[in-house]
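Below: the structure, in structure tokens.
The values are calculated or read from the model by the stated rules, or taken from the named source; none is laboratory data. Every value quoted in this text rests on a predicted model; they were computed, and no experiment measured them. Neighbour counts run over all protein chains shown; Cβ positions are idealised from the backbone, glycine included. When the accessible area is computed, the model is the full protein with side chains, heavy atoms only, and any ligands, DNA or RNA have been set aside. Shrake-Rupley method; radii C 1.70, N 1.55, O 1.52, S 1.80 Å.
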Amino acid sequence: MKIIQLTDTHLMPPGMSANGVDPEARLRAAMSDILKRHVDADLLVITGDLCNHGDAEAYALLREILVPAPFPVRLLLGNHDCRPEFIAAFPEQPCDDNGYIQSVLDTDHGRLLFLDTHEAGLIGGAYGADRLDWLDAALAGAGEAPVTVFVHHPPIVDGIRHFRDISLHDDGALLARLALHPAGVRHIVFGHIHMPLSGTTPQGIAYSSGQSCTHRLITDLDLPDPWWTDGNPTYRILMIDELGFRAFTVEVGQVPTVRAPLCVGP
């Protein structure tokens, strides 16, 4: 199964920038590359902070940019999003009985879980009792199949000073629930931190973040106020198959230098 992950697209109305970068231009470039190279993808997931201010005009722009996608699309909410405006723009996106943008997708390689950590007024995320009840049912429904989790806010302690107080405010409840799933968690995929990160939890659950498609942070683990910077639009190719889970980062607009020779094996 091939899944394309975009994250932290932070769309603004046309012609407006976010932290010195034009998010519309970045997303259009990324989508153009995806549509040229990955029409065989099974799914596109955007893991939150779809729009910078959660406004209707930006969501309408996002919908227009995504129209050519020949594969299913799942959209998650981040702290910059607004749930009412999102639902008005994307009423077909699945949600749970409480109106959270949460859903499951069963595949030949296990169940995919799409979680909603958005809480109006919080920069960090929330995942309270009502959402945990939904998660319990989704995990039970997975049975003996492993799960792969997509979420905006990292449910782990990432060790990045800037995000220390604006990550997921759940006292570890989400991660603890996932760790109880007897068939295991294949991977947790998230955004929010605008930089690449991969690791494993103390329980041995693997996780990784996608690089923001637009403005990104210069990696400095200790600065409470790090610098934003520009860069190539990025997305990730996530492969889930008989080899397990693999994630490849693609930067759009890289300039070739010298072609690598064909290397014949032993």
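Structural remarks
- Look at region 136-150: where a residue is under 18 Å from ILE240 (Cα atoms) and a partner is in a helix (DSSP H, G or I) and open to solvent by less than 30 Å² (accessible area, probe 1.4 Å), sitting 6+ places away or on another chain with Cβ atoms under 9 Å, you get VAL147/ALA138; VAL147/LEU139; VAL147/LEU178; VAL149/LEU174; VAL149/LEU178.
- Some residue of region 33-51 being outside any loop (DSSP other than H, G, I, E, B), open to solvent by 70 Å² or more (accessible area, probe 1.4 Å) and under 20 Å from ILE237 (Cα atoms): yes
- Filtered residues of region 228-249 (kept if of a type in the set (Gly, Ala, Ser) and either open to solvent by 50 Å² or more (accessible area, probe 1.4 Å) or part of a strand (DSSP E or B) (or both)): GLY244, ALA247
- Test: residue in region 209-222 that is exposed (fewer than 15 other Cβ atoms within 10 Å of the Cβ), of a type in the set (D, E, K, R) and in contact with a helix residue (DSSP H, G or I) (Cβ under 9 Å, 6 or more places away or on another chain): yes
- Selection count where residues are surrounded by 16 or more Cβ atoms within 10 Å (Cβ to Cβ), outside any helix (DSSP H, G or I) and within 16 Å of the chain's Cα centre (by Cα), scope region 52-72: 1
- Options THR148, THR107; residue that is among the polar types (S, T, N, Q), open to solvent by less than 10 Å² (accessible area, probe 1.4 Å) and at pLDDT 95 or above: THR148
- Residue ID - nearest to PHE114 (Cα to Cα), chosen from residues in region 156-178 that are part of a loop (DSSP other than H, G, I, E, B) and among the charged types (D, E, K, R): ASP170
- Test set (1) touching an Asp or Glu at 6+ places or on another chain (Cβ under 8 Å); (2) open to solvent by 10 Å² or more (accessible area, probe 1.4 Å); (3) of a type in the set (A, V, I, L, M) - ILE193 fails condition number: (2)
- Region 129-149: number of residues that are under 23 Å from ASP81 (Cβ atoms) and in contact with a Leu (Cβ under 6 Å, 6 or more places away or on another chain): 3
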